Amino acid sequence: MVNLFLVVAFVVIIIPAVLVLPFSSDTSDGKLAENLNEQKTGEKKAKKVDSAPEIDVAVYRSSMEKIQDIPLETYLVGVVSAEMPIKFELEALKAQALAARTYIVNQLVSGNRLGVPKGADVTDTVLHQVYKDDAELKKAWGTNYSKNLKKVKNAVKQTESQVLTYNGKPITATFFSTSNGYTENSEDYWSSPYPYLKSVSSPWDKESPEFHHKTVIPLANFENKLGVKLPTGETVGSVKSRTAGKRVASVEIGGKKLTGQQIREKLGLSSTDFTWERKGDQIVISTKGYGHGVGMSQYGANGMAEEGKNYKEIVQYYYQGVKVQSSATMLNTVTAKK
């Protein structure tokens, strides 16, 4: 009985202590490091239950034209730092970290390498997720580097190993800067419908400095880029339909039909919510919002955080019907293939 009591006591006291051993980040060089104590017997370091395996992301550094292998959580620090304003609330940064981790885990699991150089998983550009390393962040942040880095690492750490899933699979966690007051259905901008990428109201975006933009284009350039010929007078074109997110779905210009997305991309507009008018030999275009409008609005996320919402409430608002789960099993399948 004494032996049995000792065994039970060991399990009750020691095992929980192992499961909650803390992780810490090394702020001196921007690299995340586990700070677990080695057992005296020389056994391998203990790992938290459901913690994801250590895995590197092969990032194509476009400015250097080379591939760098970067630990996943370190990569996320560089992504969150590059993709979201550092002044944002911590809960908004955590929501960004969760979306960014979900994006890269989905990329690794799916094996999608479209537009990626051989040997790389992603690029460091907007084609995937923008990534900046320590040197770039030091240059961008100057004397605020240490303080800012600590804030981002905290956001990444507090969402460690977590991803967003739908029916047990990582989602396509798209995000953008600023909405026009509503997000967009995925099928209204891209060809494929995703059940979790549905239009929702996002009133917080109106406070964004990116909410309003005005673009002036010479008439000849406007016609050339769109392949149209405008009639004389003040007429430019008429909007034929709008999306669920209140953006332009289709227009007719000089007898030619174009989608709002085509016009945005050909003219380099901030969003597909636009109005235009002709002033002499110039076309003046006013837009609302910044970005494609699908998924999580970053300024909307910050607005929700300012109102007291936590990061899980934020992501589950912008990504409908998703769950927050551990990435451990998903990344184990990736490491098993290597």
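The values are calculated or read from the model by the stated rules, or taken from the named source; none is laboratory data. Values in this document were obtained by computation on a predicted structure and should not be read as measured data. Cβ sites come from the backbone with ideal geometry, for glycine too, and all protein chains shown count toward neighbours.
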Which listed residue is among the charged types (D, E, K, R), outside any helix (DSSP H, G or I), more than 30 Å from VAL284 (Cα to Cα) and not assigned by TED's automatic domain parsing to the domain that holds TYR311, from LYS198, LYS132, LYS118: LYS198
Selected residue (only one of ALA120, ALA140, ALA155, ALA173 is surrounded by fewer than 15 Cβ atoms within 10 Å (Cβ to Cβ), closer than 30 Å to ILE70 by Cβ, modelled with pLDDT of 95 or more and of a type in the set (A, V, I, L, M)): ALA140
Qualifying positions in the stretch 258-285 - more than 22 Å from LYS206 (Cβ to Cβ) and touching a strand residue (DSSP E or B) at 6+ places or on another chain (Cβ under 6 Å): LEU258, THR259, GLU277, GLN282, ILE283
LEU230 being modelled with pLDDT of 95 or more, outside any helix (DSSP H, G or I) and buried (at least 16 other Cβ atoms within 10 Å of the Cβ): no
Filtered residues of the stretch 121-148 (kept if aliphatic (A, V, I, L, M) and within 30 Å of LYS323 (Cβ to Cβ)): VAL122, VAL126, LEU127, VAL130
Number of the exception - VAL57 against (1) at pLDDT 95 or above; (2) in a loop (DSSP other than H, G, I, E, B); (3) touching an Asp or Glu at 6+ places or on another chain (Cβ under 7 Å): (2)
Residue tally, condition hydroxyl-bearing (Ser, Thr, Tyr) and part of a helix (DSSP H, G or I), over the stretch 135-169: 3
From the options LYS87, LYS66, LYS44, LYS48, residue that is modelled with pLDDT of 95 or more, farther than 16 Å from LYS150 by Cα and either touching a strand residue (DSSP E or B) at 6+ places or on another chain (Cβ under 6 Å) or surrounded by fewer than 20 Cβ atoms within 10 Å (Cβ to Cβ) (or both): LYS66
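Yes/no matrix, rows are residues, columns are (1) among the hydrophobic types (A, V, I, L, M, F, W, C); (2) modelled with pLDDT under 95; (3) farther than 30 Å from LYS309 by Cα; (4) crowded, with 16+ Cβ neighbours inside 10 Å:
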| residue | (1), (2), (3), (4) |
| --- | --- |
| TYR189 | no, yes, no, yes |
| GLY237 | no, yes, yes, yes |
| THR259 | no, no, yes, yes |
| GLY268 | no, no, yes, no |
Any hit, the stretch 306-323, residues being aliphatic (A, V, I, L, M), surrounded by 15 or more Cβ atoms within 10 Å (Cβ to Cβ) and at pLDDT below 95: no
